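One structure below.
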Amino acid sequence: MPSTASDNTSSVPSILLVSLPLIGWSLAFPLIKIALDELSWVNLTILRFLIACTGLLFLLVAQRHRFPLPGLRELPALFLLGFFGIIVYHLGLNYGEQYVSPGAASLLVATIPVFVVMLAVVFLDEGVTGRKLLGIALSLAGVVVLSLWGTGTATIEIDYVSGAIAVLIAAVMGAVYTVAGKKMLGRYSPLSLTVYAILLGSLGLLPAVNGSLFRQLGHLSLQAAAAVLFLGLFSTIVSYVLWYMALQRQSASSLSVYLYVIPVVATLLSWMLFDDGITPMYLLGGVMVIGGVAIVNRQRR
């Protein structure tokens, strides 16, 4: 949210500003799995952002005084930022969850801070310390453990590995959004940047719209429709808006600790809803990923 937000946001309890986004983002991983039973990974992305963009347009109109209009020269940059940093992120995540569990996907996505550090060293000339390198190495080693042995099977499944790689690419895209967007925050607040990036980046999905979308939509069950609606409205719009409201009250470093809850909750939901096994190697890989991210985040504060 922009720092000029009205005082009426202060009436919202801080616990809600933090807990509701965590719920929305934790539930997103199993809900994606549910929606993928009836939708292709591309069509799920299209429907989620059709819903999200509709809601964001209403927000843009209702709160237009908080959103400075972008200049024409900035539109291509905003489109590229949104398409690669947000849309490609979700395409990779949705593709990957066809083959990996929601819990494993959430752990792989949790590596975003690690890739942010790596990209910042290259493109923002930020320094790297020995402790950061340790965190990066530990987290990436955890990714390898999750990707190769996380299922607990004796043989390495190609589909599982391809799914893990797709989710890892999504994490890289999430890091690209963070690093590239950092240079645009002088002109935009984090929320307005996200709104414009989603609205413009979603235009890149238009060439993917075809007859299969309407066929699948026509046969969509109530359960899958509810999952997509929740993903578009709560996991995207509500969660981001409340999170930025929380950022007005607390520092990003203090809030980042709460994000470690997401893969834990997503893993438990994956176990309860889909009977996905939690093997010793899965736990080892998960602890390595979260431990490495914690070390990296600690250094960034």
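Bear in mind that the values in this text are calculations on the coordinates, not laboratory data. The model shown is predicted, which means the values in this text are computed figures rather than measured ones. Glycine also receives a Cβ, built like all others from the backbone with ideal geometry; neighbour counts cover every protein chain displayed.
Report note on the peptides 240-246, 34-40: ranked by the mean count of other C-beta atoms within 10 Å, highest first, their order is 240-246, 34-40.
Between S14 and T129, full extension at 0.36 nm per residue minus the direct alpha carbon distance yields a gain of 38.0 nm. Partner lysines whose Cα lies under 25 Å from the Cα of K132, excluding those fewer than 8 positions away in the same chain, are identified as K182, K183. Each residue of the stretch 191-204 is assigned a 3J(HN,Hα), and the resulting list reads 5, 5, 5, 5, 4, 5, 5, 5, 4, 7, x, 5, 4, x Hz, derived from the Karplus form 6.51 cos²θ - 1.76 cosθ + 1.60 (θ = phi - 60°), x at Gly and Pro. Measuring r between the beta carbons of F58 and Q250 and using R0 = 30 Å, the FRET efficiency lands at 0.65. Rounded to the nearest whole Hz, the Karplus-based 3J(HN,Hα) values (6.51 cos²θ - 1.76 cosθ + 1.60, θ = phi - 60°) of the stretch 79-90 follow the sequence 4, 5, 4, x, 5, 7, x, 10, 5, 5, 4, 6, with x at glycine and proline. Once you have a ≥ b ≥ c as the square roots of the Cα gyration tensor eigenvalues for the stretch 106-241, tell me rounded if a/c is under 1.5, and otherwise prolate or oblate according to whether a/b is larger than b/c. Since a/c reaches 1.5 but b/c is at least a/b, the shape of the stretch 106-241 is classed as oblate. Each peptide in 228-234, 209-215 was scored by the mean count of other Cβ atoms within 10 Å over its residues; highest first, the order is 228-234, 209-215. For the chain, the mean residue ellipticity at 222 nm estimated from helices alone is -22000 deg cm²/dmol, where every DSSP H run of n ≥ 4 contributes -39500 (n - 2.57) and the total is divided by all residues, rounded to the nearest 500. Of the peptides 101-109, 157-165, 137-145, the order by per-residue mean of other Cβ atoms within 10 Å, starting with the highest, comes out as 101-109, 137-145, 157-165. When a/c is below 1.5 the answer is rounded, else prolate if a/b is larger than b/c, else oblate, so apply that to the stretch 19-300 with a ≥ b ≥ c taken from the square roots of the Cα gyration tensor eigenvalues. Note, shape of the stretch 19-300 comes out oblate.
Label reach from W271 (point 7 Å along Cα→C-beta): in the stretch 83-118, amide nitrogens under 17 Å belong to 101-108.
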